[in-house]
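Read the structure below first, then the notes.
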Amino acid sequence: MPDTTRHAREVAVVAFAQSDHRRRTDELSEVEMVMPVLHQVLAQTGLKAGEIGFTCSGSSDYLAGRAFSFTMTLDGVGAWPPISESHVEMDGAWALYEAWVKIQTGEADTALVYSYGKSSPGSVRDVLTRQLDPYYVAPLWPDSVALAALQAQALIDSGETDEAALAEIGARNRASASSNPYAQLSGAVPQGDYQVAPLRTGDCPPIGDGAAAVILAAGDVARRLCERPAWITGIDHRIEAHSLGLRDLTDSPSTRIAAEHAGVFEGPVDTAELHAPFSSQEVVLRKALGLDGSVSVNPSGGALAANPVMAAGLIRIGEAAARIHRGESDRAVAHATSGPCLQQNLVAVLEGDRA
Amino acid sequence: MTAASPPEILRAPLVVEFPFTRSLGPVQSAFLTGLREGVVLGVTTADGKVMVPPVEYDPVTAEEIRDLVEVGATGTVTTWAWNGSPRRSQPLGTPFAWVLVRLDGADTAMLHALDVPGPDAVHTGMRVRVRWAAERTGAITDIACFEPAQPGDGDGAAQAAPHDGEFADAVTGIVAEARLDYTYSPGRAQTAYIAGLSEQKTIGERCPSCHKVYVPPRGACPTCGVATTDRVEVGPAGTVTTYCIVNIKAKNLDIEVPYVYAHIALDGAGLALHGRIGGIPYDQVRMGLRVEPVWTDGGRYPDHYRPTGEPDADYDVYKELI
Ligand SMILES: [Zn+2]
């Protein structure tokens, strides 16, 4: 039995669904993109929307270019009669954290968590500059690839990686994605030209649209809904200083502290789903989480194979849970990130009942 | 009616611009005013670390910090990245290096651009100096960029020196301009609705579960949480379910006040949409009034609704739609 005693209630991921991630989805409004995913995740448990105790979503108005855009996707949930609902303007992994807290309080036994992002209407590299410090940094418009490239160069200067090793990370993730029917990129993909050196196209995530959803359940409800629930035995998230110049970009102390609090180091893990949109960030996360060659890292292909902004972190938790559901993992670590150069990090430990 | 094939998906440019006005606290005000005057300021934390650009609270202890110091306009590159294709609004229009620079006397680094001819001309540890903008206003862009330091630059500037942060006519705020460009596509359901309007038809969509007809359709029934796929033409006439009298003239709106804005349940629709009522004195509009759309030449949607002359609808017919 996994140790679920550290928290008041046992909570598990009991279902996970995601969309086919694609470069463009012009024919679909946000709700049209999200709704099939919601139907799939509910169908896995047999629950009706009205039977869910709490619903929480993650998305960003800056991607949609429209205020309160998440209210439109609520139509896909069936929010009448009124439901208990919340939203985070963040990756769905943080929506999952809020839902997990809600279940810990005893106010709900089940939760539907979903998130989505359509990057195709805008320029996501420019859009993400708007999350930066508005006084000293945002007026310079440093895009997300540029900031990741500064981190990559710092890692190369410190001797922790080189361009060939980074290319191997991208290739390995996309090869793994060959068995993931939802991935946007899979198989052999050319490493390509420099986007912002030292990062080449192959070191950067594909830009695309997509959605994901999970269902959480507590205790015996989870056992009833799922043959092998993925128990969340620990979950924590930490943030680092906003200013890049205050941080050691070659390390991720926030990931390490979150992992300690989630209990990652209290036993071996067999699977890690890391939200590393850039190949160089996998180097940082492997070090912070102490992952060695025995751990299967990103068997789904990770964010280098599909990176729907606001959903890619939730997908890491969902992919890790799905491996436990299928009996392919006993103890997995899932990670989500937000902000430039791994500024914010969430770490969860997921465990299955042992035979 | 059920349309056989969906119309071609609509797309249109959408520009979002916002000039946020932000006020500065004492530390950021001193820093940005200093840039205007050609002086780079930082702050000293309780344990003696010098932070440039300055922060207002110690990132480790969260203590307020106000002790300003002046640092050099020369420094050392701590990491860099080569930007071969500058994007709109970035500091330089020609290829440049993004750099984190630790200025002389500082313990932390700041982000900016470095103007060098190519990636071979930049390396970590390189000595650089500030290139000031020709016109300075009190903004981070008062540093136009960094450029390679020349022999003699920065000699004797290695120490941070106390500074009172006092300047004449201090900058107390900035306007953070932002522009983002999108290509908006409304998706399948709303495309069909907008395409219908171009033929002066109002197209709703029926929920296959509860059979309610949504107009305008958004593609999903919010009650049942399922896709609405059956297209249904509603109206053209409808019933006023509720209304208000507008007495304040809106900017750029050429309509005489007072006028009436109403919820109108088009015949066959499962909920009301809203529109202006014309062709009748404002104080004679009432619940139950039967109205029909009035289209202007080339109009993309009904300009307003006017009375049809039919008898008023019975309250029981529309009470569920209020
Ligand atoms: Zn319905």
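Scalar couplings 3J(HN,Hα) for segment B:72-84, obtained by applying the Karplus form with A = 6.51, B = -1.76, C = 1.60 to θ = phi - 60°, are x, 9, 10, x, 10, 6, 9, 6, 8, 8, 8, 9, x Hz; x denotes Gly and Pro. Label sites at B:VAL257 and B:THR172, each approximated as a point 7 angstrom past Cα along Cα to Cβ, lie 3.3 nm apart. Of the residues in segment B:194-230, those shielded by at least 30 Å² of accessible area once partner protein chains are present, compared with the chain alone at a 1.4 Å probe, are B:ARG218, B:ALA220, B:PRO222, B:THR223, B:GLY225.
Non-local lysine pairs in the protein assembly as shown, meaning eight or more places apart or on different chains, with alpha-carbon distances under 20 Å, amount to 4.
Could you tell me how many degrees, from 0 to 90 and to the nearest 10, lie between the Cα long axis of helix A:253-262 and the main elongation axis, the longest principal axis, of the Cα atoms of chain A? Between the helix axis and the principal axis of chain A, the angle is about 20 degrees. Would you calculate a helix-derived [θ] at 222 nm for chain A, using -39,500 (n - 2.57) for each DSSP H run of n ≥ 4 and dividing by the full residue count, to the nearest 500? Dividing the helical sum by the residues of chain A leaves -9000 deg cm²/dmol.
So how much accessible surface do B and A hide from each other in total, probe 1.4 Å, in square angstrom to the nearest 100? Please list the in-between numbers first.
Details: alone 18390 and 14060 Å², together 27910 Å².
Interface between B and A: roughly 4500 Å².
Taking amide H atoms as placed 1.01 Å from N in the peptide plane, the amide H of B:ASP67 lies under 5 Å from those of B:THR44, each 5 or more residues away in sequence or on another chain. Would you give the gap between the C-alpha center of segment A:128-149 and the C-alpha center of segment B:177-249, rounded to a whole Å? Using only Cα atoms, the two centres lie 38 Å from each other. Which net charge results for the neighbourhood of A:LEU185, defined as the other residues with beta-carbon distances under 15 angstrom from its beta-carbon, given Lys and Arg at +1 and Asp and Glu at -1? Its environment carries a net charge of +3.
Apolar share of the accessible surface for the protein assembly as shown: 51 percent from carbon plus sulfur atoms, 1.4 Å probe.
Residues of segment A:131-176 that lose at least 30 Å² of accessible area (1.4 Å probe, protein heavy atoms only) when the other protein chains are present, relative to their chain alone, are A:PRO134, A:TYR135, A:TYR136, A:PRO139, A:LEU140, A:TRP141, A:LEU150, A:GLN153, A:ASP157. May I ask you to find the residues of segment A:24-51 that are shielded by at least 20 Å² of accessible area once the whole protein assembly is considered instead of their isolated chain (probe 1.4 Å)? SASA drop of 20 Å² or more in segment A:24-51: A:ARG24, A:ASP26, A:GLU27, A:SER29, A:VAL31, A:GLU32, A:MET35, A:HIS39.
For A:ALA43 and A:GLU266 in one chain, what is 0.36 nm times their gap in residues minus the Cα-Cα distance, to one decimal in nm? Spell out each step's value before the answer.
On the way: separation 223, 0.36 × 223 = 80.28 nm, distance 3.48 nm.
Length difference between fully extended and current span is 76.8 nm.
Picking from B:ASN252, B:ALA160, B:PRO217, whose Cα lies most toward the positive end of the charge dipole for segment B:157-310 (charges on Cβ: Lys, Arg +1; Asp, Glu -1)? Toward the positive end, the furthest listed residue is B:PRO217.
On a per residue basis, the protein assembly as shown carries 41 Å² of accessible surface, using protein heavy atoms and a 1.4 Å probe. Spin-label pair A:ARG354-B:LYS201: with each label point 7 Å from Cα along the Cα-Cβ axis, the two points sit 6.6 nm from one another. Modelled label positions at B:CYS244 and B:ASP164, each set 7 Å beyond Cα in the direction of Cβ, lie 5.5 nm from each other.
The values are calculated or read from the model by the stated rules, or taken from the named source; none is laboratory data. Keep in mind it's a predicted model, so treat the numbers as computed, not measured. Methodologically, a virtual Cβ is constructed for each residue, glycine included, from the backbone with ideal geometry; neighbour enumeration extends over all protein chains shown. The protein model used for the area step is the full one, side chains on, heavy atoms only, and it has no ligands, DNA or RNA in it. Shrake-Rupley method; radii C 1.70, N 1.55, O 1.52, S 1.80 Å.
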